[in-house]
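The values are calculated or read from the model by the stated rules, or taken from the named source; none is laboratory data. Predicted model, so just to flag it, every value in this text is computed and none were measured. Using ideal geometry, Cβ is built from the backbone for each residue, glycine included, and neighbour counts are taken over all protein chains shown.
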Amino acid sequence: MKLEGGKIAGSELVFLMIGFTLGSSLILSPAQAAKHDDWLAILAGLGEGLVFALIYTTLAVRFPGKTLIQFNDIIYGPYLGKIISLGYLWYFLQLGSLVLRNFGDFFTTIIYPETPMIVFIVLVALICASAVRNGIEVIARCSILLVVFTFVVIFGTAILLAKDMKFTNLLPVFDIPLREFIKASHSAATFPFGETVAFLMVIPFLKKVKEAKTSSIIALIMAAMLLVVVAVRDTAVLGITKTISTYPAYQAVRLIDVGKILTRLEILIAINLLSMGFLKIAVLYYGAVLGTAQLLKLRSYLPLVLPMGAFMVSLSTLQFGSNIENINFAQEIYPYYALPFQVGLPLISLLIAILRGVPKKMKGAKK
Amino acid sequence: MVKRGSLFLRILAISLIILLTAGCWNRRELDTLAIVSGTGIDKPEEPGKVQITVQIIKPGEMKAPQAGGGGEGGSGGQKPYWTVTATGDTVFDTIREMAHKSNRKLFFPHNEIIILGEDAAEEGVQKYLDFFARDHEPRWLAWVLVGKNTASEVLETKAELEKVPAISISKLIEARGATSEASAVTLHEFLTRLMSKTTAPVASLIEVSGQGKEKTALLTGTAVFKKDKLAGYLNKTETRGLLWVLNEIKSGIIDVECPGGKGKVSLEIIRARSKIIPEIKDNTLHLAVEIDEEGNLGSQMCSDDLTSESAWKTLEKNQAAVIHNEVMAALKKARELNTDIFGFGEAVHKKYPKLWKDIEDKWDEFFPNLEVAVIVDAKLRRSGLITKTVKPE
């Protein structure tokens, strides 16, 4: 009995992970609290995120072919393991609903103020549901095309904005107090780098599980570089007004004006969010659905897709009353709330696995 | 053979696509929009109120008059724009108030200028500009101007070369490069300066000249703000002095005396570059402004032979002196108003972040007494199609 028959290649994992990490952080610049030093904070956050990624991949390599939900049972035993697994399923679903909410807020703020937010959320959720039904292989292949397109948009807009950039906006380097810098870089580590904990549901389907470590590290570094390019582009263009912008990337790209012809290109940012956010939601959604099926020992995860999607959609509309509530949650609570899921539990799992010596190393062929 | 279930799904999907992608939720057709080309903000007599004037384009009247078509009647056709004024408590409220006058909803993405009336600007502009920064329709690339008369008067001037006054004013600003004597400030730049702790916002200054129906608008310099309140004006010379320092000079004419002293020589600015360099010498803060300029000999109104090496060198020297004086004039005015329009504070902040923490809050006391050295390196490159002037040998 196999819930997922697909297999993905290491390179596909790289693209999928880049897309996942860019996700909504393309529009909600991570570490915005660090003002014009946010690119430094992102790099510092990457450092922290790489440590997280090492923990995840070590776990994944130790339990080849087993997802987070499956090896939780092995590490903690069937009862405690299931409780922890439930926590993770909640985390994936909630994170997915947060990204859905970002979609809704973004589109209702910038283009369609009168359209009910639920319309966008449902439409995006339906696309993701279709992707999840098709399995991880399809999602991973989508990612190649979408991430390459995002690459082109990021660098293209940076070139079109070149004449409006003032790199002196980045000076003086390291202008904020250390305490705030650490707070900002930690928030960049938890959003988006640490969220790759969801890939513990994906890595088991790698063709060669050994590639997990290098692929993840390459993906995180490349995603961080792209985020740094975006952060530097936005700061150089917007200067101090970046600190009050709800969506800095959108605001910066709005200022593109090349000879009155190449202008009003801001919709590109919406397309970026649409494609990268899709990958992020799809992975989280997939993780939640597959995990639930494994938890309940179902024969197929397909019947779970729509109900869990509906849950995610309702959660996304219910959990915040306004985008300001969302921002406050993201800045003040999320960096701590996410910690147990992103580092705490994986680290404990790894330690217990090492101490208990699970899984038992079998010599020779399986018997 | 397609199974019945999947056939149904396909039909459902196709009909959903047809129904959902055919239009937007709140689509707005061109003939339901009132396209705003310019906005003016004034302070009316009544305290605590805002008066807003918008110039709406009438697309139907925009088309060029047909050749030989005199059938339109003797009225000369209608104006292709409509200027509407309304008064309310807040900016947004006033704009919506216009729905009582305009049957179409105002549409701001093509708003090219924001004119602040003098009274409104003196009172403080943060409260007026918030809407233009926050709402998703107006663009941050709109020009910000201060009208020495009321903003509504400026919008009611006559445009000769363009059909709509607001667009004419916007093009006027874009054409500033010919003289470099008017500042051009987008809403984004204005907001950036407004958010800076020390740098004072500036805006283009626009005035109305002429009488009756022949009123025209012209740019006359720069309006200077202290925090968000209008503090004073720079004239054309001082404005160019400001632009030299800000590295925003495009072109322009520098008039210098003939070396012989019997008339003027016009030198055309071809390119210019400048840098602000803060420095700490002997425990005191100095600023140097380095300006590199290149010019061409444009015309001479005296009969001297300017091709001799000494005359050429004198011209270069005079050219540098004029630039120097322009910058000093701007500096003098800025000191009088105690407004850091040059961004000296930010330059110090970027170079000496530690020192800056101590003087940041005292910058207002620092700025008027700051020592500024203006170093001009002006070159004269070419003499044009003739060398000596036209006169008998």
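Quick check on segment A:220-241. Is at least one of its residues surrounded by 16 or more Cβ atoms within 10 Å (Cβ to Cβ), more than 14 Å from every other protein chain (Cβ to nearest Cβ) and either under 26 Å from B:Phe131 (Cβ atoms) or in contact with a Gly (Cβ under 7 Å, 6 or more places away or on another chain) (or both)?
Yes, because at least one residue in segment A:220-241 is surrounded by 16 or more Cβ atoms within 10 Å (Cβ to Cβ), more than 14 Å from every other protein chain (Cβ to nearest Cβ) and either under 26 Å from B:Phe131 (Cβ atoms) or in contact with a Gly (Cβ under 7 Å, 6 or more places away or on another chain) (or both).
If you go through segment B:341-374, how many residues are charged (D, E, K, R) and facing another protein chain (nearest Cβ under 10 Å)?
So the count comes out to 5.
Go through B:Lys229, B:Lys236, B:Lys215, B:Lys197 for me and flag whichever is under 20 Å from B:Ser274 (Cα atoms) and either among the aromatic types (Phe, Trp, Tyr) or surrounded by fewer than 19 Cβ atoms within 10 Å (Cβ to Cβ) (or both).
Answer to the check: B:Lys236.
Residue under question is A:Ile324, and the condition is that it be free of Cβ contacts under 8 Å to residues at least 40 places away in the same chain and either assigned to a helix (DSSP H, G or I) or crowded, with 19+ Cβ neighbours inside 10 Å (or both); does it hold?
For A:Ile324, the condition - free of Cβ contacts under 8 Å to residues at least 40 places away in the same chain and either assigned to a helix (DSSP H, G or I) or crowded, with 19+ Cβ neighbours inside 10 Å (or both) - is met.
State whether one or more residues within segment B:240-258 are β-branched (Val, Ile, Thr), in a helix (DSSP H, G or I) and either within 18 Å of the chain's Cα centre (by Cα) or modelled with pLDDT of 95 or more (or both).
Checked segment B:240-258: at least one residue is β-branched (Val, Ile, Thr), in a helix (DSSP H, G or I) and either within 18 Å of the chain's Cα centre (by Cα) or modelled with pLDDT of 95 or more (or both).
If I go through segment A:123-152 residue by residue, how many of them are within 11 Å of chain B (Cβ to nearest Cβ) and free of Cβ contacts under 8 Å to residues at least 24 places away in the same chain?
Residues flagged as within 11 Å of chain B (Cβ to nearest Cβ) and free of Cβ contacts under 8 Å to residues at least 24 places away in the same chain within segment A:123-152 amount to 2.
Restricting segment B:125-164 to residues that are farther than 13 Å from B:Asn111 by Cα and among the β-branched types (Val, Ile, Thr), which is farthest from the other protein chains (Cβ to nearest Cβ)?
Here the answer is B:Thr150.
Which condition from (1) modelled with pLDDT of 90 or more; (2) touching a strand residue (DSSP E or B) at 6+ places or on another chain (Cβ under 8 Å); (3) surrounded by fewer than 16 Cβ atoms within 10 Å (Cβ to Cβ); (4) assigned to a helix (DSSP H, G or I) is the one that B:Ile375 breaks?
Status for B:Ile375: all satisfied but (4).
For segment B:152-166, check the following and say yes or no: at least one residue is surrounded by fewer than 22 Cβ atoms within 10 Å (Cβ to Cβ), in a helix (DSSP H, G or I) and either free of Cβ contacts under 8 Å to residues at least 24 places away in the same chain or outside the structural domain of B:Ala34 (by TED's automatic domain parsing) (or both).
Scanning segment B:152-166, I find no residue that is surrounded by fewer than 22 Cβ atoms within 10 Å (Cβ to Cβ), in a helix (DSSP H, G or I) and either free of Cβ contacts under 8 Å to residues at least 24 places away in the same chain or outside the structural domain of B:Ala34 (by TED's automatic domain parsing) (or both), so the answer is no.
Residues that are over 31 Å from the mean Cα position of the chain (by Cα), surrounded by fewer than 18 Cβ atoms within 10 Å (Cβ to Cβ) and without any contact (Cβ under 8 Å) to a residue 12 or more places away in the chain: does segment B:288-304 have at least one?
No: zero hits.
Is there a residue being out of contact with any Ser or Thr (no Cβ under 6 Å at 6 or more places or on another chain), closer than 21 Å to A:Leu302 by Cβ, within 14 Å of another protein chain (Cβ to nearest Cβ) and not aliphatic (A, V, I, L, M) anywhere in segment A:105-122?
No, that holds for no residue.
Sort out which residues of segment B:132-151 are surrounded by fewer than 21 Cβ atoms within 10 Å (Cβ to Cβ) and either in a helix (DSSP H, G or I) or among the hydroxyl-bearing types (Ser, Thr, Tyr) (or both), and write them in order of number.
B:Ala133, B:Arg134
A:Ile18 is checked against (1) of a type in the set (A, V, I, L, M, F, W, C); (2) touching a Leu at 6+ places or on another chain (Cβ under 8 Å); (3) under 14 Å from A:Val209 (Cα atoms) and fails just one. What number does that condition carry?
(3)
Being under 24 Å from A:Leu145 (Cβ atoms), part of a helix (DSSP H, G or I) and not aromatic (Phe, Trp, Tyr) is the filter here; which residues of segment A:229-272 pass it?
Scanning segment A:229-272 gives A:Val229, A:Val230, A:Arg233, A:Ala249, A:Val253, A:Ile267, A:Leu268, A:Ile269, A:Ala270, A:Ile271, A:Asn272.
Quick test for you: out of A:Ser187, A:Ser215, pick the one residue that is more than 14 Å from chain B (Cβ to nearest Cβ), polar (S, T, N, Q) and closer than 16 Å to A:Leu16 by Cα.
Exactly one of A:Ser187, A:Ser215 is more than 14 Å from chain B (Cβ to nearest Cβ), polar (S, T, N, Q) and closer than 16 Å to A:Leu16 by Cα, namely A:Ser215.
Going by what's in this entry, would A:Phe205 be described as over 29 Å from B:His349 (Cα atoms), surrounded by fewer than 20 Cβ atoms within 10 Å (Cβ to Cβ), more than 12 Å from chain B (Cβ to nearest Cβ) and under 19 Å from the mean Cα position of the chain (by Cα)?
Considered against the rule, which asks whether it is over 29 Å from B:His349 (Cα atoms), surrounded by fewer than 20 Cβ atoms within 10 Å (Cβ to Cβ), more than 12 Å from chain B (Cβ to nearest Cβ) and under 19 Å from the mean Cα position of the chain (by Cα), A:Phe205 comes out as no.
Can you tell me how many residues within segment B:222-252 are closer than 14 Å to B:Ala321 by Cα and in contact with a strand residue (DSSP E or B) (Cβ under 6 Å, 6 or more places away or on another chain)?
1
Filter segment B:186-223 down to the residues that are of a type in the set (A, V, I, L, M), within 14 Å of another protein chain (Cβ to nearest Cβ) and either under 20 Å from B:Ser152 (Cα atoms) or free of Cβ contacts under 8 Å to residues at least 24 places away in the same chain (or both) and list them by number.
Answer for segment B:186-223, where residues must be of a type in the set (A, V, I, L, M), within 14 Å of another protein chain (Cβ to nearest Cβ) and either under 20 Å from B:Ser152 (Cα atoms) or free of Cβ contacts under 8 Å to residues at least 24 places away in the same chain (or both): B:Leu187, B:Met195.
Could you count how many residues in segment B:200-211 are of a type in the set (Val, Ile, Thr) and surrounded by fewer than 19 Cβ atoms within 10 Å (Cβ to Cβ)?
Here the count works out to 1.
Please specify each residue of segment B:335-393 satisfying the condition of being of a type in the set (Phe, Trp, Tyr) and touching a helix residue (DSSP H, G or I) at 6+ places or on another chain (Cβ under 8 Å).
Correct list: B:Phe342, B:Phe344, B:Trp356, B:Trp363, B:Phe366, B:Phe367.
Where in segment A:23-134 are there helices (runs of 4 or more DSSP H), lying wholly inside it, with at least 2 residues that are within 18 Å of the chain's Cα centre (by Cα)?
Result: A:38-62, A:78-110, A:117-134.
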